[in-house]
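Here's the structure, in structure tokens; my notes come after.
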Amino acid sequence: MIINFAHTKGGVGKSTLATNLAVKLNCPIFDLDMQKSSYYFNQLRIANKKPALEVLVGSKEEDIEALEEYASNPKKHIIIDSGGMDNNLHRLAILISDIIITPVGISQVELQGLDHFYNILTNANIDTAKEYVLLNDISNRRKKDIEDIRDIISNDFHLNLLSSTIGSRALFKDAFAEGKSVEEKSKNSLASQELNLLTKEIKHIIKRLSK
């Protein structure tokens, strides 16, 4: 299966989530980020003597062919770390993806960014049924705001909303700086628990799509 962390907005946590999930699933990453964040994460892993990930760097439309063996394949997974932009390369990656995960924070700016990304999906005739929104980098103390944004995403955008959430946790940045997943950095941390719940939910979606 192809799991694409995609959003035209930069700085929403795509690379952090993509690398953590790739470590968790022990699968390759297809790096479409112009900053090559996943590629450099892997270099940090090697420098810190952690098992290297397989990282494929995509820079042109022909590179998408490397994803074909994973499409709709329940036995082989690959994570796409999409860049914060919109072009033919990124649209092709979205089209071939089985699951699209879009991280969104709690703010009006984030909702505007989601609206822009949603319009790109619909205008490109991309099936929004495979689009899942993930509340990311949030404070659990903002319960009313969380309820409001969940309502907007589900009832106004009519998009799938993952039940998993990822909190505002410094451990994600600290672990990334060492080329580690949060679980490798601190197995019993809240960040690790949240990542485990997200992984379970994604596996459940994969299982459902495989039927």
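The values are calculated or read from the model by the stated rules, or taken from the named source; none is laboratory data. If you're wondering where the values come from, they're calculated on a predicted model, not measured in any experiment. Glycine gets a Cβ as well: all are built from the backbone with ideal geometry, and neighbour counts include every protein chain shown. We work out accessible area using only protein heavy atoms, side chains counted, and drop any ligands, DNA or RNA first. Shrake-Rupley method; radii C 1.70, N 1.55, O 1.52, S 1.80 Å.
Across segment 5-29, the number of residues qualifying as under 12 Å from the mean Cα position of the chain (by Cα) and of a type outside the set (Gly, Ala, Ser) comes to 10.
Within the set 171, 198, the sole residue that is free of Cβ contacts under 8 Å to residues at least 24 places away in the same chain and within 16 Å of residue 15 (Cβ to Cβ) turns out to be 171. Note on segment 47-103: residues that are under 23 Å from residue 199 (Cα atoms) and among the basic types (Lys, Arg) total 3. Residues in segment 124-146 include none that are over 20 Å from residue 2 (Cα atoms), open to solvent by less than 20 Å² (accessible area, probe 1.4 Å) and in a helix (DSSP H, G or I).
In segment 23-50, the residues that are closer than 17 Å to residue 70 by Cα form Cβ pairs under 8 Å with partners that are in a helix (DSSP H, G or I) and open to solvent by 70 Å² or more (accessible area, probe 1.4 Å), at six or more places apart or across chains, as follows: 31/39.
Which of the residues belonging to segment 37-48 are of a type outside the set (S, T, N, Q) and open to solvent by 20 Å² or more (accessible area, probe 1.4 Å)? Spell out how you get there, then give the answer.
Filtering segment 37-48 for residues of a type outside the set (S, T, N, Q) gives 39-41, 44-47.
Scanning segment 37-48 gives 39, 40, 44, 46, 47.
In the condition set (1) of a type in the set (D, E, K, R); (2) more than 19 Å from the chain's Cα centre (by Cα); (3) part of a helix (DSSP H, G or I); (4) surrounded by fewer than 16 Cβ atoms within 10 Å (Cβ to Cβ), residue 115 is compliant with all but (2). Just one of the listed residues (53, 44, 25) is within 23 Å of residue 133 (Cβ to Cβ) and either modelled with pLDDT of 95 or more or not basic (Lys, Arg) (or both), and it is 25. Which one is nearest to the chain's Cα centre (by Cα) among residues in segment 54-93 that are open to solvent by less than 10 Å² (accessible area, probe 1.4 Å) and over 19 Å from residue 35 (Cβ atoms)? Per the criteria, the residue is 78. Any residue at all in segment 19-29 that is assigned to a loop (DSSP other than H, G, I, E, B) and at positive phi? Yes - at least one qualifying residue is present in segment 19-29. When segment 5-36 is filtered for residues that are among the hydroxyl-bearing types (Ser, Thr, Tyr), closer than 24 Å to residue 111 by Cβ and either open to solvent by less than 10 Å² (accessible area, probe 1.4 Å) or touching a strand residue (DSSP E or B) at 6+ places or on another chain (Cβ under 7 Å) (or both), only 15 remains.
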